[in-house]
Structure formats: structure tokens, C-alpha cells
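Everything below concerns the one structure shown next.
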Amino acid sequence: MRPFNDKVLADLHWDDIRRALAARTRTEPGHDRAIARPFCVSRDEVVRALARSEELARLLRDEGEGLPLGDVRDVRPLLDHAAKGGVLESGDLLLSAACLRALTRLRDFVESRRERLPLSWEKAESMLGDLGLARAIERSFDASGQLVDEASPTLGTLRQRVRGLTRSIQARLDSLLHDPAFTPHLRESYYSLRNDRYVFPVLASSRSAVPGIVHNASQSGQTLFVEPSALVSIGNDLAIAQSMVAEEERRVLQELSLRLGARSADLARSIDAAAELDEWEAAARLALDLDANPPDIVAADAPFRLLGMRHPLLALKKREQVVANDLDFDRDARVLVISGPNAGGKTVTLTGLGLCALMLRAGLAIPAERGSSLPLFTGVESAVGDDQDIDRDLSTFSAHLRALSDIGEVVGEGTLVLIDEMAADTDPREGAALALAVLEDFSRRGARVVITTHLEELKALGMTQPGFVNARVGFDRDRLSPTYRLKFGEAGSSSAIDIARRMGLSEAICQRAQEALDARKGPLGQALDALDRARREQAEAQRKLDAKRREIEAAIAELKAAHALVQQKARDVELEERARVVRELEKARGEVREVIRALQKAPNPRAAGQAREVIDKALEKEAKKLDFKRIEAALPQAEQAPRGNKAREGQRVQVPGMGEAVVVAVEGEELVLSLGPLKLRRSACEVIPLAGKSPKKSSFPGGAPREKRLDKVRAGQLENADTRLDLRGMRVDDALRLAESFLDRCFGEGQTRACIVHGHGTGALRQALADYLTASPYVRAFRHGDEREGGRGVTIVEING
């Protein structure tokens, strides 16, 4: 890979990408690395860089925050100074201690996530912090950055002597200020420090009255600052003590500096590693801000496709407003010719592709969707912008030719060439001929070329030359504005007159320009206009078709809703009818029970049984009066069995006026039905067969035996004998209903004795059953079973006869 020249980087504004990357770093060393980020040499290096940024992007997405890089400072110059024997000041030592802690914290953070951050851990594993040294430094200073007395065993003692001498001097000074013989010689009653010595402002006229050392005088000479002789000796002692404190403080600072300097090489490497991690995370943050993804890296001559590509710099400035475009190069495509209106996005597409190529070379994700692919170009060359230079006697066209000549010297396999407005500043025919020759040469030498143009001759190459592909940026003629959408396989009109209208040029001028253009337009221009008109007509037809399709879909949805409403109303009618019949039957059954109770008081149970049979026949007669056809019509068609099907055992049927039942047995034209706890007989023509079998019984642990027993009881198949009922495992409400049905049947059959098995359990079922039997009109007496009959787990019932 050859280095990218400065002109290409300037044309594509590569430094703006580097600055955007550096702005997302959080340390000074990381910022320095990002602003000078180099390009990767090998494919493996690119793949690894992309994997590192994607690893940290996942961390940012999942945890909402990144690496703990706070307090990582570039203290490498301080470490180098300490390693050479220099003494660091307190602020520098504390800054270094904070950095030591930050390095340790960063390493621990990555280590705790090394399964998720394996690449980051490879870098962080070598980092060395020194918490012991950091604590030693921090313990030596107070919050204001001053050495504490405990920084060394000697320092505290020396400072204590200084404080004692200072108190003694101040006591003497206060004594002199209150001495009536002394104060008349003072200009004012105070003392101050001059050259670290305590002095009084003595009148110059009283100099002989105050013996001592003159340390200073006022500008007028009328006031002398005198250290009284009585304080000279103790002042000397204080000065000596203070110098000893300063010497000890310097020794402590030197000791801490030496300890830090001894680790300087390891700590400098750790700071370098932290800077790399910071740069990697900045690449991840940039990818997230750009909604960027790593593309698949393909060979230089392979097809490649960028899905939803956006210009990186535009995406950073106005993320939501940037139009994304697909850029497609098949294997045979060598030159992409982009045409269309001015300010329509041609140059944006061109430079966007170039920046994506540079970003991939730098190991950065590109602003395109996943599934995109891009070669790892060995070189990117550009001729973008106006390079005219009066000093070098270069016009716009000659500067353009110079740029093409420079590109021709280095172009080859794996080169991406970007040329904006090729051969635009000369005679169109000659410029087009020259451009064709240059493009053929670049293509033959293996380069991939993207150009923008307004020349019709170059647009024609996409239709006539192998390896040339046309693409256009769209223009909305209704709004007189570009759409910025890129369409492959089509050449676009420049729409200069339309844009002139948009920019406010008078309609008369624009109309005259259109007439002149139509008169001079060649066959290719006319073909392009016809193609543009055909596209607009097709778009209008498609719009009308879409509108009609939406109308049809809305009508279908409305019909479906109406059909569902009809079905729901039918179900409501059926349910209402069923509820009415059930209420009437329950009312009749209540009346039956009342009659039975009245007859039992006669007492003539046999007569009661006969009365019950008469009433049951009357109820059955009433049930037959129900409108059978209406109830059948109310049932959803999907629930009804096919007409003509005969009922069979296990089939679900609808009993008009009573609800859904299950066929227990088929006896000729008569069916034996199970309807809840009831056992019925109905003619086959009196029921409506339903689709599907009866629901499966529960299969959860402990549920099957109870359900089986319940089914047998509901069907009238009692365990052991017709006078034995087993209620074990049932809920109280279910058990009492079955007991009532059981006793009713036994009474109707003339049985005089029955056995009800309820088990021992908690006794709740036994007690509830006893309460029921006490009030039952069927029961003459009842008792617990003896040991042979089952003990307290059964109840023996004597039935009224």
C-alpha cells in the first residue's frame, strides 16, 4: 500500500474525520493518537481494528457507559523528569498518584469483563498500576496539597519546634506592644514580617531608643522597620528551624519522586495502552453516532455494494436529514458515470465513497447498512475542486489536466479514482473525447473509477461502452428541487433551466432558453428527455395503482369487519336463547323439588316419584317446542358437523334449549347424552351434531383419577354398584351436586339404601355431606359405615321408600 497523498486527503476532508474521532476521546494521549490516526497496512490489521471498535460499541450499547478513563493524564513528562532524579512538586506528585489509581481502575474494569472484551483485555492486561505508591503519595499530603506532619518521622518534630518558637516570638511581640515605654516610639501599634523577620514600624527620630536590626524603611524615610535586639536571637533560632523543615520537606518530595521515577518505564507503557483503549472507544462512539457498520472486505476486482451509504461528514452534522443511497459495482463495472442536476448530490456521492474507502483503510466502520461490502483499496486518487493557480499559470482546465496526469502516473490494480465534473471546462466534444481516452486507460489498468458529468457524450458511455455504468441523481420537477436519490442504470438531465427558475431567474428568460435548447438538442438529449417523461408517466401510473390498491384493501377490511359483526350477533342470539331456556328449566326444576318436598310430608314417597315422572315428561314436552331450526342457524357454521353425518359415541352435540352435550351411547335412533351431571335420552333428530370430539380430560398429576371418576358419575356409571357413589378427590360443590343427582336417581328407582364414599381427608367433605343429608327430602336416616363397610370414610344413607 502506498501512502495517500495530501491532496487526496484535503479533497475529501479527511482531517475532519480525524477531528471527529479525536473529539470523542477522553484523555490527552488518546486525543493525540486519534488526531494522527494512521492507515492500516494489511487486511488483518483492518479486520482487527474493526473488531476492537465493534467490541467496545457493544459495551456502550449494553451498559450505557464506556471505559473508566477519568483521571488518566499524560504524566509521562513528569515520570521522565523523576526518572532523571528530578524532584516533583506536590501538585505533580498528586496528579501522578491519581493517574496510578485510574490505570488500576481501568485494568480492573476490563479484566472483570474479559469474556466480553477479549481484544481490549489483550491490551489492558499489560497495564501496571501501583496502588501502594499512590496511597503513599496521597497520605503524604492534605487536601490543600501541603505535606502533612506524618509524611516523615522527623518532619512533625521539626514543625512542632517551629510552632513553639513562633508562639514565643509572638508572645514577646504582644508584650512589647503593651509596654508603655516602648509604644511611643512606634509609628503605629502593629508588627509585621520583613525578610521573614518580625519587625515594628519605629519612628526614625526614635531610632536610638529602639536598639535592633533595621530590615527596611518607608519611602519617606520617616519610618524604620526594626527587629528589636530582644528578638534577634530567638528569630535566628526560628529561621534555623524553618530551614530544617524546608530541607526535610524537600527530602520527602525527593523520596516520593524517586519511587515514582523507578516505575516510570512501566507506567509510561501503561499510559500508552490506556491511550490506545481511549482511541478504540472513540472509534466505537463515532460508529454509534454515524450508525456505522463494518463492511465485508472483498477483493479489489470483486463486485461490491454499499447499502444505505451516507456521506460521513453530512451524517455527523445532520444525521436524520441525510438521504441514504445504495452504490452498486458488479464485477464487470469499472467506471461509474453519475449525472443529474447541479446541487443534486453527485459530488456528495463521489466524496462519500472516497471517505468510506479511507475510513475502512483506517480501521473505522463506515456509514452504511450491515451486509455492505467494499474492497480494501491500495490507493485513492482524486480530482475534485478547482485547482487553478495564477502564480503557476494554471487555468481551471489545465489544473484539471495536471491532476489527471498525476493520477495516471500511479493508477493501477486496486486504485479508486474519483473525478468531479470531468473535462467540464473546455469544448464539450473535445473534452468528452479526452475524457473517454483517459477513462479507458484507467479502466484497462485495473482501477475503479467514479466520475460526475453534465456532458451528454459521457452519459452515452454507460449505454454503449462495456464496463461503463450510468447512475443519476433525481430531480422533482413539481417542486423544482433535487431528491438526492441515486438510481443506477439511468442517465440524468442536468435540469439547468428548472434550477434557474427555482433560483428566481425570470420566466421569459427561462422559456427562451428552453426553446433554444430544444432547437439544438441532439439525438441523445432527446432520448434522455423521452426517457425522463416515460419515467414520470410510469411514476404517476404507479401512484394511481397504489391508491386503487389501498381502496380495495380498505373495502375488503370493511367487509371482513361486517362479516365478523354478523357472526358475533348470531352467537349472541344463540347464547341468549340458551340462557332463557336454562332459566325456564331451572325454574321448573325448582317447582318440581317443591312438589316433591310437599308430597314427602304426606308421607307417600312412591306418589312423589310418580309426580316427578309426570313433571319430567311435561318439561321434555316443553323443550321440544323450542325453535330447533333457529338455534341451529344461530350456531357458527364452523362448529357444525357436515350435514348427513350420524351422531356417534364421544361426539359433541347441541341440545336445543339446554346446551352442549356428549354422546355416551347410540341405541338405534335414540341417543344417550351426558350433559354435565345429567344423563338424557334424545332422538337423533332432536340434536345438532357439532364438529370435533369431546374435550380431553386433564392429564396433570393427580387429576386423571378424579376426572375419570367424575365422568363415570356424570354418565351414570357408578363404581362397584348402582347404589354406591365415590366422591373422593372432588371439590365440595361438585360432590354435593353429584350426591343430589345420585339420590334423586336412587329414589326414582325405588332403592332403599345407598353408600356414599367420601374418604377421610380433612373431614370437610364428610361434614358438608352430613349437612346436606340432614336437610335432603330423599333421606330417612344416615350413619357412618362400620369397619367392614369402610368406617368413617363412607356414609350409609337410608332412602325414603
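The values are calculated or read from the model by the stated rules, or taken from the named source; none is laboratory data. Treat the numbers as computed from the prediction; the structure is a model and nothing was measured. All Cβ positions, glycine included, derive from the backbone under ideal geometry; neighbour counts span all protein chains shown. All accessible areas refer to the heavy atoms of the entire protein, side chains included, with ligands and DNA or RNA removed. Shrake-Rupley method; radii C 1.70, N 1.55, O 1.52, S 1.80 Å.
I'd like the full set of residues that are closer than 22 Å to Leu165 by Cα and open to solvent by less than 60 Å² (accessible area, probe 1.4 Å), limited to region 202-230. Working first, answer last.
First pass over region 202-230, keeping only residues closer than 22 Å to Leu165 by Cα: 211-215, 225-230.
Of everything in region 202-230, those that are closer than 22 Å to Leu165 by Cα and open to solvent by less than 60 Å² (accessible area, probe 1.4 Å) turn out to be Gly212, His215, Phe225, Val226, Glu227, Pro228.
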Practice task
Please indicate, with yes or no, whether at least one residue in region 737-746 is open to solvent by 90 Å² or more (accessible area, probe 1.4 Å), at pLDDT below 85 and under 60 Å from the mean Cα position of the chain (by Cα).
Solution key: no
Exercise for the section: Within region 50-64, identify whether any single residue is assigned to a loop (DSSP other than H, G, I, E, B), over 23 Å from Ala246 (Cα atoms) and under 37 Å from the mean Cα position of the chain (by Cα), and answer yes or no. Expected result: yes
Handout entry: Residue, surrounded by the most Cβ atoms within 10 Å (Cβ to Cβ), within region 456-487, restricted to residues that are among the aromatic types (Phe, Trp, Tyr) and modelled with pLDDT under 80
Key = Phe475
Fill in the blank from the handout: Picked from region 439-455 (must be of a type in the set (Ser, Thr, Tyr) and not in a strand (DSSP E or B)), the residue least open to solvent (accessible area, probe 1.4 Å) is Thr453
Exercise for the section: Answer yes if at least one residue in region 341-363 is of a type in the set (Lys, Arg) and part of a loop (DSSP other than H, G, I, E, B), and no otherwise. Expected result: no
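Name the single residue that is modelled with the lowest pLDDT among those in region 372-386 being open to solvent by 10 Å² or more (accessible area, probe 1.4 Å) and in contact with a strand residue (DSSP E or B) (Cβ under 7 Å, 6 or more places away or on another chain). Give the derivation first.
Filtering region 372-386 down to residues open to solvent by 10 Å² or more (accessible area, probe 1.4 Å) leaves 373, 376, 378, 381, 384-386.
Next, only the ones that are in contact with a strand residue (DSSP E or B) (Cβ under 7 Å, 6 or more places away or on another chain) stay: 373, 376, 378, 381, 384.
Values: Ser373: 94, Leu376: 93, Thr378: 90, Glu381: 91, Val384: 85.
The residue in question is Val384.
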Exercise for the section: Consider only pairs whose beta carbons are under 7 Å apart and that are at least six residues apart or on different chains; among these, list those whose first residue lies in region 65-82 and is at pLDDT below 90 and whose second residue is open to solvent by 40 Å² or more (accessible area, probe 1.4 Å). Expected result: Asp71/Arg101
Practice task
Quickly run through region 90-122 and pick out the residues that are farther than 14 Å from Gly261 by Cβ and of a type in the set (Asp, Glu).
Solution key: Asp108, Glu111, Glu115, Glu122
Practice task
Go through region 112-142 residue by residue and tally those that are among the hydroxyl-bearing types (Ser, Thr, Tyr) and in contact with a strand residue (DSSP E or B) (Cβ under 9 Å, 6 or more places away or on another chain).
Solution key: 1
Exercise for the section: Restrict the check to region 424-431 and report whether at least one residue is open to solvent by 10 Å² or more (accessible area, probe 1.4 Å), in a helix (DSSP H, G or I), touching a residue at least 24 places away in the same chain (Cβ under 8 Å) and closer than 28 Å to Ala302 by Cα. Expected result: no
Completion exercise
Here the residues within region 283-302 that are over 21 Å from Gly345 (Cα atoms) and either among the charged types (D, E, K, R) or free of Cβ contacts under 8 Å to residues at least 40 places away in the same chain (or both) are Arg285, Asp289, Asp296, Asp301
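Tell me, which residue of region 784-801 that is under 23 Å from Gly748 (Cβ atoms) and either in contact with a strand residue (DSSP E or B) (Cβ under 7 Å, 6 or more places away or on another chain) or among the polar types (S, T, N, Q) (or both) is modelled with the lowest pLDDT?
Applying the first criterion (under 23 Å from Gly748 (Cβ atoms)) to region 784-801 yields 794-801.
In the following step, the residues that additionally are either in contact with a strand residue (DSSP E or B) (Cβ under 7 Å, 6 or more places away or on another chain) or among the polar types (S, T, N, Q) (or both) were identified as 794-800.
Details: Val794: 91, Thr795: 92, Ile796: 93, Val797: 92, Glu798: 91, Ile799: 88, Asn800: 81.
Within region 784-801, the match that is modelled with the lowest pLDDT is Asn800.
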Problem - Members of region 763-799 that are open to solvent by 40 Å² or more (accessible area, probe 1.4 Å), touching a Lys or Arg at 6+ places or on another chain (Cβ under 9 Å) and more than 15 Å from Ala739 (Cα to Cα) - result: His784, Arg792
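Could you grab me the full set of residues in region 110-126 that are open to solvent by less than 40 Å² (accessible area, probe 1.4 Å) and either part of a helix (DSSP H, G or I) or modelled with pLDDT under 90 (or both)?
Step one: list which residues in region 110-126 are open to solvent by less than 40 Å² (accessible area, probe 1.4 Å), which gives 110, 117, 119-121, 124.
Listed by number, the residues that qualify are Val110, Leu119, Ser120, Trp121, Ala124.
Being open to solvent by less than 50 Å² (accessible area, probe 1.4 Å) and within 21 Å of Gly474 (Cβ to Cβ) is the filter; apply it to region 315-334 and report the residue that is farthest from the chain's Cα centre (by Cα). Before the answer, list the steps.
Initially, region 315-334 is screened for residues open to solvent by less than 50 Å² (accessible area, probe 1.4 Å), giving 315, 322-325, 327, 329, 333-334.
This time we only want the ones that are within 21 Å of Gly474 (Cβ to Cβ), so: 315, 322-325, 327, 329, 333.
Working: Ala315: 20, Val322: 22, Val323: 23, Ala324: 22, Asn325: 24, Leu327: 28, Phe329: 32, Ala333: 38 Å.
The residue in question is Ala333.
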Handout entry: Subset of region 138-173 (residues that are charged (D, E, K, R) and in a helix (DSSP H, G or I))
Key = Glu138, Arg139, Asp149, Glu150, Arg159, Arg161, Arg163, Arg167, Arg172
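Test Pro295 against the stated conditions and say whether it is open to solvent by 50 Å² or more (accessible area, probe 1.4 Å) and in contact with a strand residue (DSSP E or B) (Cβ under 7 Å, 6 or more places away or on another chain).
Values: open to solvent by 50 Å² or more (accessible area, probe 1.4 Å): no; in contact with a strand residue (DSSP E or B) (Cβ under 7 Å, 6 or more places away or on another chain): yes.
Answer is no for this residue.
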Problem - Leu88, sole failed condition from (1) more than 19 Å from Arg251 (Cα to Cα); (2) touching a residue at least 24 places away in the same chain (Cβ under 8 Å); (3) not in a helix (DSSP H, G or I) - result: (1)
Completion exercise
The lone condition Gly408 fails out of (1) open to solvent by less than 10 Å² (accessible area, probe 1.4 Å); (2) part of a helix (DSSP H, G or I) is (1)
Problem - Failed criterion for Leu133 (all others in (1) crowded, with 18+ Cβ neighbours inside 10 Å; (2) modelled with pLDDT under 90 hold) - result: (2)
Handout entry: Scope region 2-49; condition hydrophobic (A, V, I, L, M, F, W, C) and assigned to a loop (DSSP other than H, G, I, E, B); matching residues
Key = Phe4, Leu12, Ala23, Ala36, Phe39, Cys40, Val41
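Of the residues Thr104, Thr27, which single one is open to solvent by less than 30 Å² (accessible area, probe 1.4 Å), under 13 Å from Leu277 (Cα atoms) and among the hydroxyl-bearing types (Ser, Thr, Tyr)?
Values: Thr104 fails: under 13 Å from Leu277 (Cα atoms).
After applying the criteria, what remains is Thr27.
State which residue is farthest from the chain's Cα centre (by Cα) when the search covers only region 240-249 and only residues that are surrounded by 15 or more Cβ atoms within 10 Å (Cβ to Cβ) and either more than 30 Å from Glu89 (Cβ to Cβ) or not polar (S, T, N, Q) (or both).
In the first step, residues of region 240-249 are kept if they are surrounded by 15 or more Cβ atoms within 10 Å (Cβ to Cβ); the result is 241-242, 244-245, 248-249.
Next, only the ones that are either more than 30 Å from Glu89 (Cβ to Cβ) or not polar (S, T, N, Q) (or both) stay: 241, 244-245, 248-249.
Numbers: Ala241: 66, Met244: 63, Val245: 60, Glu248: 58, Glu249: 55 Å.
Among those that are surrounded by 15 or more Cβ atoms within 10 Å (Cβ to Cβ) and either more than 30 Å from Glu89 (Cβ to Cβ) or not polar (S, T, N, Q) (or both), it is Ala241.
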Problem - Sole residue being open to solvent by 60 Å² or more (accessible area, probe 1.4 Å), of a type outside the set (A, V, I, L, M) and closer than 29 Å to Ala300 by Cβ, chosen from Glu63, Glu45 - result: Glu45
